[in-house]
Ligand SMILES: [Fe+2]
Ligand SMILES: [Fe+2]
């Protein structure tokens, strides 16, 4: 599916961005640790609840971008379907949790998101570039971690759920990166993506003690 922009060019939407669902996204500066995997696998109920919150937050982040740049037609055309897809993921989690009798309860968030936001520069147009790339890196990290869960969880239903989500999270990374490349020179995008990936890796270097998707 493509969307026509006001200038007549075809715009990419989330489902159009090719990204092999199982191939590692090379932009991540580190692999997740064995300690993280063991922590979340030992607490599958908390992982599910946190993951449900993450999917809702991912939709919210996309919608927030649409509000911050309300006249950017290209951005809205790309991010509106992405936000819908994240809400579908949220609903998938709610359904699975409901079948297992798990209630959606509040969980305190790890510092990952707040620390990532401190890397976003406050002046435009750098703010837009950083916001797109940080959103992309969160998608890339989710993709990497869901891949680990799909391979290592013995609970088949959960492993299958994570395997099914991989492709869209990889596409979402590709879409955010493409949105950046449509607005900034590719060399500048790549350089900043590398810098932010280093920052993201540094944030995860110390394992948060609570089992979260982004501990
Ligand atoms: Fe998602
Ligand atoms: Fe996503």
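Some values worked out for this structure:
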| quantity | calculated |
| --- | --- |
| Residue check for residue 207: outside any helix (DSSP H, G or I) and closer than 30 Å to residue 43 by Cα | yes |
| Residue within segment 45-59 that is surrounded by fewer than 15 Cβ atoms within 10 Å (Cβ to Cβ) and either modelled with pLDDT under 95 or more than 13 Å from ligand 1 (Cβ to nearest atom) (or both) present | yes |
| Filtered residue count, segment 141-171, keeping only those that are in contact (Cβ under 8 Å) with a residue 60 or more places away in the chain, within 19 Å of residue 112 (Cα to Cα) and within 10 Å of ligand 2 (Cβ to nearest atom) | 2 |
| Any hit, segment 175-184, residues being without any contact (Cβ under 8 Å) to a residue 40 or more places away in the chain, in a helix (DSSP H, G or I) and under 16 Å from residue 25 (Cβ atoms) | yes |
| Some residue of segment 114-130 being within 24 Å of residue 63 (Cα to Cα) and within 11 Å of ligand 1 (Cβ to nearest atom) | no |
| Every residue from segment 65-79 that is within 16 Å of ligand 2 (Cβ to nearest atom) and touching a strand residue (DSSP E or B) at 6+ places or on another chain (Cβ under 9 Å) | 78 |
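The values are calculated or read from the model by the stated rules, or taken from the named source; none is laboratory data. Please read all numbers here as calculations on a predicted model, not as lab measurements. All Cβ positions, even for glycine, are placed from backbone atoms using ideal geometry, and neighbour counts span all protein chains on display.
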